[in-house]
Amino acid sequence: MAAETRPAPLVLPRSTRAQRTPLTWIRRGGLSTLVFLLPLLLVFGIFSWIPIGRAVVMSFQETNLVTPSTFVGLQNFRDVLADPLLWTAVKNTLYFALLALLFGYPVPLLAAVVMSEVRRFKGLYSALAYLPVVIPPVVAVLLWKFFYDAGPTGVFNTILGYVGIGPVSWLQDSATVMPSLVLEATWAAAGGTVIIYLAALTGVSTDLYEAAEIDRASIWRKVWHVTMPQLRGILLITFILQIVGTAQVFLEPFLFTGGGPANSTTTLLLLIYNYAFANSLGGQYGMATALSIVLAVILGLLSAVYFRLTRGWSKS
Amino acid sequence: MKSFTAATLVVALGLTACSSTDSDQSETPTGPVTVKVARDPGLDKGAIAAFDERVAQFEKANPDIDIVPQEYNWTATTFTAQLAGGTLPDVFTVPFTDGRGLIERKQIADISGLVTSLPYAGRFNENVAKAGQAEDGKMWAVPIAAYGQALHYNRTLFKQAGLDPDKPPAGWDEIRAAAKQIAEKTGKAGYAQLTTDNTGGWILTTLDYAYGGRTEKIDGDKATAELDTPELAAVLQLLKDMRWSDNSMGSNFLYDWGGINQAFASGQIGMYVSGGGNYGSLVTQNALKPADYGVTVLPLTDKPEAGVLGGGTLATVSAKASEPVKAAAVKWIDFYYLKKLTDEGAAVLDAKTTVASKQPVGAPQLPVFDRATYDESLKWVASYVNVPQEQLKPYTDKMFEQPLVTEPVRSTQEVYKILDPVVQAVLTQKDADIADLLRKADAEAQALLDRN
């Protein structure tokens, strides 16, 4: 290419300029490309980019959405950083993310590996694993509220009672509430990841397993030396998706506890929500958007750094 | 970028829609005026039938108005979103605590001109009227109900625990003893407390008042938070003792208004504190068995300042409403909420319709108008009353004797919100340090009051 373009630098632009009439643009499919692209651009523009742009502007404003907004510079960011509840929320969010990583990350992988080893009723198992994902989250949370009933007659406490444990306070105690939320969140979300892993596992060449079997490798060694390296790319992606997802946990604390007891499940997104909506007489929308922007920037940076650091790893 | 989208969308998506001004209702309509009016959510069939019947009666009398019911319930967290998103009905209700703020921000319509022309406009109870008035005394929002806090109790659980349901507790020590007895004998929560969605602060303030405390002091323009007080500490100590020494508060400490009503109506709770007029919603929304229900006045300590926290409900009209909609909306407010309190014919019609659908008539309320009007209105509907009046007597006999104290006026809901985690901490952490919790809450509330 370089050899071609170098001898004719003056000719080429002129010829391309001559070709780029609207008619040729249409003839070359430019118009149809645009027409096909337009719905997507409109949808993204209206429902994603304009709100994001407005959120950025709003984070520098004081507004109650009724009277005209005033620009207040960085005041909203200063207010957010000065809020003692912010650090509680950061701590809670990190705790949730950590627990979700410890329990929520390996579970789907384990389930997928086991399921891929099963010879019969494979479809049934995938369906069962995926079932929680199709249950509407609000319904799931209401269901789990019954399970987590802290009285001795609660579902989990009844079961634990058979073996002489409990009753456990579940959602009613600062110590047990976060693990309880993670348990439900893992149950609710694992199915989706299981399906991803199962799909990836079918892509692993059976030759590798056969070779390992000839070498008399145990199941554990097969998983560790064949399956895991083959899934590396997927694992890296699901890892960052999990981090980004758990940093934005909202549904569980909002529906289960409202951030309680005593702010022990107030996460960053719940705090954002509370800034905006907890006060019935007009919330601090500026502070809410400011914290949203800070969180988004941090997660964006984190993702960028993660992908840079792991760029070499994903290539097997 | 997905993360960026998701994080900002929580607020941004909803909010952008809010800034657009609605002008779709501004032109003069030629046909019938459509008015969306609030109806309580989750009503049983009978209550919906009664409501629809009232709508039909109204539309018959006003053929050019089309009433469209919309399910609506005020909660601190959903109201702002609905207000900002412009999804409120044309006629909606808010608590007294929100009236002045909404008026100052012009977030509701100025209907004062229309209200003045109502025949009973000058007869509102002065204290009650204040909640719906602007600084200049114009009535932007119409008081439709007033309440004082009360102690609701389950008569069946009282009997099962060996307590006399006709002699409910008359002091806080008696409440504690009764709660313990109920918990021990029945295994249910003897006493439960609201703790989430700002209601934790609401009830804590109620108990503070009953102990003779106040949560804020107003001196001219300056508001001082008064959360770190002996009264509030005593209230929290009582709750702590009931929870941790007596174990009489059950196992759920994260109750919101709907949740505690449901638990009470299903017989899980012996006693709880909430608005005295709660009977209606307990029956229509939570299927309470009337035979279970008992209510009594909130015990007050001997301190001279001890009083009952009182509040109420305002009917308001959306700021977006056009003139014809405003006029129709005020007609509806008059017809549905107020006329029955001041006009015999309307009172009888309302009671008849309500009774026909087996809905409660005669649940206790505080008067919105003067006492004489109130007493007279009770006489009009006396033959239709279907609530168990004997069971309400411990409350109705004494409710007018208790000094009524209005809710804190500055940043009410925000201060309530600060108190939510305080009461939650006392109920869920055995080693909670009450003094420390109150000191921190006080500082936080003061910072908030200074900022606002």
Residue set A:L109, A:L143, A:L124, A:L131; condition without any contact (Cβ under 8 Å) to a residue 40 or more places away in the chain, under 30 Å from A:V177 (Cβ atoms) and part of a helix (DSSP H, G or I); output residue A:L143
Sort out which residues of region A:237-276 are among the hydrophobic types (A, V, I, L, M, F, W, C), surrounded by 24 or more Cβ atoms within 10 Å (Cβ to Cβ) and more than 10 Å from chain B (Cβ to nearest Cβ), and write them in order of number. A:L271
Any idea which residue in region B:140-178 is surrounded by the fewest Cβ atoms within 10 Å (Cβ to Cβ), counting only those that are aliphatic (A, V, I, L, M) and assigned to a helix (DSSP H, G or I)? B:A177
Residues within region A:203-247 that are over 31 Å from the mean Cα position of the chain (by Cα), part of a helix (DSSP H, G or I) and of a type in the set (S, T, N, Q), tallied: 1
Output for region B:197-246, where each listed residue is open to solvent by 20 Å² or more (accessible area, probe 1.4 Å) and of a type in the set (S, T, Y): B:Y211, B:T224, B:T229, B:S245
For region A:200-231, how many residues are under 13 Å from A:L109 (Cβ atoms) and surrounded by fewer than 16 Cβ atoms within 10 Å (Cβ to Cβ)? 2
Which of the residues spanning region B:277-297 are closer than 23 Å to B:I48 by Cα, of a type outside the set (S, T, N, Q) and not in a helix (DSSP H, G or I)? B:G277, B:A287, B:L288, B:K289, B:Y293
Positions within region B:299-317 being touching a helix residue (DSSP H, G or I) at 6+ places or on another chain (Cβ under 8 Å) and either buried (at least 24 other Cβ atoms within 10 Å of the Cβ) or under 17 Å from B:T412 (Cβ atoms) (or both), in sequence order: B:G307, B:V308, B:L309, B:G311, B:G312, B:T313, B:L314, B:A315, B:T316, B:V317
Mind listing whichever residues of region B:211-239 are over 18 Å from B:N452 (Cβ atoms) and acidic (D, E)? B:D228, B:E231
Does region B:252-278 hold any residues that are of a type in the set (S, T, Y), touching a Phe, Trp or Tyr at 6+ places or on another chain (Cβ under 9 Å) and open to solvent by 10 Å² or more (accessible area, probe 1.4 Å), and which are they? B:Y255
Does region B:353-372 contain at least one residue that is within 29 Å of B:R100 (Cβ to Cβ) and in a helix (DSSP H, G or I)? yes
Test: residue in region A:275-290 that is under 20 Å from A:A97 (Cβ atoms) and not assigned by TED's automatic domain parsing to the domain that holds A:R54: no
Please give the strands (runs of 3 or more DSSP E) falling wholly within region B:179-261 in which 1 or more residues are free of Cβ contacts under 8 Å to residues at least 40 places away in the same chain. B:216-219, B:222-225
Please indicate, with yes or no, whether at least one residue in region A:282-291 is in contact with a Lys or Arg (Cβ under 9 Å, 6 or more places away or on another chain), open to solvent by less than 50 Å² (accessible area, probe 1.4 Å) and closer than 29 Å to A:G123 by Cα. no
So which residues in region A:259-269 are farther than 16 Å from A:L101 by Cβ, modelled with pLDDT of 90 or more and in a loop (DSSP other than H, G, I, E, B)? A:G259, A:P261, A:A262, A:N263, A:S264, A:T265, A:T266
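Scan region B:388-408 for residues that are assigned to a loop (DSSP other than H, G, I, E, B), in contact with a helix residue (DSSP H, G or I) (Cβ under 9 Å, 6 or more places away or on another chain) and open to solvent by 30 Å² or more (accessible area, probe 1.4 Å) and report the count.
Count: 1.
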If you go through region B:26-33 one residue at a time, do you hit one that is farther than 23 Å from A:T63 by Cβ and at pLDDT 90 or above? yes
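Being at pLDDT 90 or above, touching a strand residue (DSSP E or B) at 6+ places or on another chain (Cβ under 6 Å) and β-branched (V, I, T) is the requirement here; does A:V72 meet it?
Working: at pLDDT 90 or above: yes; touching a strand residue (DSSP E or B) at 6+ places or on another chain (Cβ under 6 Å): yes; β-branched (V, I, T): yes.
Answer is yes for this residue.
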Considering only residues that are in a helix (DSSP H, G or I) and of a type in the set (F, W, Y), which ones fall in region A:146-165? A:F146, A:F147, A:F156, A:Y162
Just checking, which of A:P68, A:P39 is without any contact (Cβ under 8 Å) to a residue 12 or more places away in the chain, outside the structural domain of A:A290 (by TED's automatic domain parsing), assigned to a helix (DSSP H, G or I) and over 30 Å from A:R221 (Cβ atoms)? A:P39
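Quick grid of which residues meet (1) out of contact with any Gly (no Cβ under 9 Å at 6 or more places or on another chain); (2) in contact (Cβ under 8 Å) with a residue 40 or more places away in the chain:
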{"site": "B:D334", "(1), (2)": "yes, yes"}
{"site": "B:A347", "(1), (2)": "yes, no"}
{"site": "B:V355", "(1), (2)": "yes, no"}
{"site": "B:K358", "(1), (2)": "no, yes"}
{"site": "B:Q365", "(1), (2)": "no, yes"}
{"site": "B:A372", "(1), (2)": "yes, no"}
{"site": "B:D375", "(1), (2)": "yes, no"}
{"site": "B:Q389", "(1), (2)": "no, no"}
{"site": "B:R410", "(1), (2)": "yes, yes"}
Could you list, in sequence order, all residues of region B:414-440 that are more than 11 Å from every other protein chain (Cβ to nearest Cβ) and touching a residue at least 60 places away in the same chain (Cβ under 8 Å)? B:L419, B:I434, B:A435, B:L438, B:R439
Just to be sure I understand the filter: pairs with C-beta atoms under 6 Å, separated by 6 or more residues or on different chains, first member in region A:290-306 and more than 9 Å from every other protein chain (Cβ to nearest Cβ), second member open to solvent by 20 Å² or more (accessible area, probe 1.4 Å). Which pairs pass? A:A290/A:F77
In region A:163-218, residue farthest from the other protein chains (Cβ to nearest Cβ) [restricted to those that are among the hydroxyl-bearing types (S, T, Y) and more than 30 Å from B:R243 (Cα to Cα)]: A:S218
Pick from region B:51-84 the residues that are within 30 Å of A:P68 (Cα to Cα) and open to solvent by less than 30 Å² (accessible area, probe 1.4 Å): which of them is farthest from the other protein chains (Cβ to nearest Cβ)? B:Y72
Within region A:43-85, work out how many residues are away from chain B (no Cβ under 12 Å) and open to solvent by 100 Å² or more (accessible area, probe 1.4 Å). 3
Inspect all residues belonging to region B:251-261 and state whether any of them is within 14 Å of chain A (Cβ to nearest Cβ), within 30 Å of B:N125 (Cβ to Cβ) and at pLDDT 95 or above. yes
Filtered residues of region A:138-154 (kept if of a type in the set (S, T, Y) and open to solvent by 80 Å² or more (accessible area, probe 1.4 Å)): A:T153
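The values are calculated or read from the model by the stated rules, or taken from the named source; none is laboratory data. It should be emphasised that the depicted structure is a prediction, and the values quoted were computed from it without experimental measurement. Glycine gets a Cβ as well: all are built from the backbone with ideal geometry, and neighbour counts include every protein chain shown. Note: accessible area is taken over every heavy atom of the protein model, side chains too, but ligands, DNA and RNA are not part of it. Shrake-Rupley method; radii C 1.70, N 1.55, O 1.52, S 1.80 Å.
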